[in-house]
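These notes are about the structure you will find just below.
The values are calculated or read from the model by the stated rules, or taken from the named source; none is laboratory data. These figures come from a predicted structure and were not determined experimentally. Every residue, glycine among them, receives a Cβ derived from its backbone with ideal geometry; neighbour counts consider all protein chains shown. To get the accessible areas, we keep the full protein, side chains included, count just its heavy atoms, and leave off ligands, DNA and RNA. Shrake-Rupley method; radii C 1.70, N 1.55, O 1.52, S 1.80 Å.
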Amino acid sequence: MALWYFWIYSFLGFLLERAFAAATHAPRQGRRCFLLLPLCPVYGLGMLAVLALPPAWREGPWLILSGGLAATAVEYAVHWAYERFLGVRLWDYARVRGNLRGRVCVPFSLAWGVLTAAAVWWVQPGVEALAGAIPAGVTYLCLLLFSADALLSARFLWVTHDIDALRSFS
């Protein structure tokens with residue numbers, strides 16, 4: 001089920017990115033992830049990290065703090081990995097006050113805390129029900145599609161280091 005949690009939250013993250021770009025009238029309305037599929041893996045990984053927190057850390061106001069820290073740690077690690085292994089920067093908070101090497105920043109860390117708490121309290125029960133209802137055959141097919149996309153996208157970025165060219169496919 002963790003794989004479906006990853007995919008569902010990656011898709012919800014993609015939708016959140018699109019909504020945020022539209023709401024802020026961002027000059028680039030495209031996604032900020034490396035896949036052609038409508039998924040932003042950093043959101044899926046961030047929620048997996050939050051769901052892996054000890055039960056006591058996922059209760060009450062502690063969830064806002066621990067969820068924000070967990071999601072921020074994942075965001076930093078994913079950004080570092082994109083830079084190190086693919087030679088790309090998919091987002092840059094360098095101009096945001098309270099940033100750390102442009103990879104993470106305080107305002108978004110606070111937002112992640114609130115969003116992860118909302119997701120655990122209100123979204124996760126539906127995600128659990130949905131993930132539990134998906135047949136194994138569908139999971140294998142989706143895994144094949146996701147793996148192909150991830151490998152092809154990573155290879156493309158590793159060779160070209162051109163995010164805009166990858167985004168032009170979507």
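Laid out as a table, the results:
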quantity	calculated
Subset of the range 143-168 (residues that are among the aromatic types (Phe, Trp, Tyr) and under 21 Å from ARG89 (Cβ atoms))	PHE156, TRP158
Candidates ALA56, ALA70, ALA81, filtered to the one that is of a type in the set (A, V, I, L, M), closer than 22 Å to VAL127 by Cβ and surrounded by fewer than 17 Cβ atoms within 10 Å (Cβ to Cβ)	ALA56
All positions within the range 97-117 that are open to solvent by 50 Å² or more (accessible area, probe 1.4 Å) and of a type in the set (A, V, I, L, M)	LEU100, VAL106, LEU110, VAL114, LEU115
Helices (runs of 4 or more DSSP H) contained in the range 62-161 and holding at least 3 residues more than 16 Å from VAL42 (Cβ to Cβ), of a type in the set (Ser, Thr, Tyr) and modelled with pLDDT of 95 or more	136-160
Failed criterion for PRO38 (all others in (1) part of a loop (DSSP other than H, G, I, E, B); (2) buried (at least 16 other Cβ atoms within 10 Å of the Cβ) hold)	(2)
Qualifying residues in the range 154-170 (those that are of a type in the set (S, T, N, Q) and without any contact (Cβ under 8 Å) to a residue 40 or more places away in the chain) - the one surrounded by the fewest Cβ atoms within 10 Å (Cβ to Cβ)	SER168
Residue count for the range 1-35, restricted to those that are crowded, with 19+ Cβ neighbours inside 10 Å, outside any helix (DSSP H, G or I) and touching a residue at least 60 places away in the same chain (Cβ under 8 Å)	3
Positions within the range 10-30 being within 23 Å of LEU86 (Cα to Cα) and within 11 Å of the chain's Cα centre (by Cα), in sequence order	SER10, PHE11, GLY13, PHE14, GLU17
Complete set of residues in the range 119-153 that are open to solvent by less than 30 Å² (accessible area, probe 1.4 Å) and aliphatic (A, V, I, L, M)	ALA119, VAL120, VAL127, ALA131, ALA150
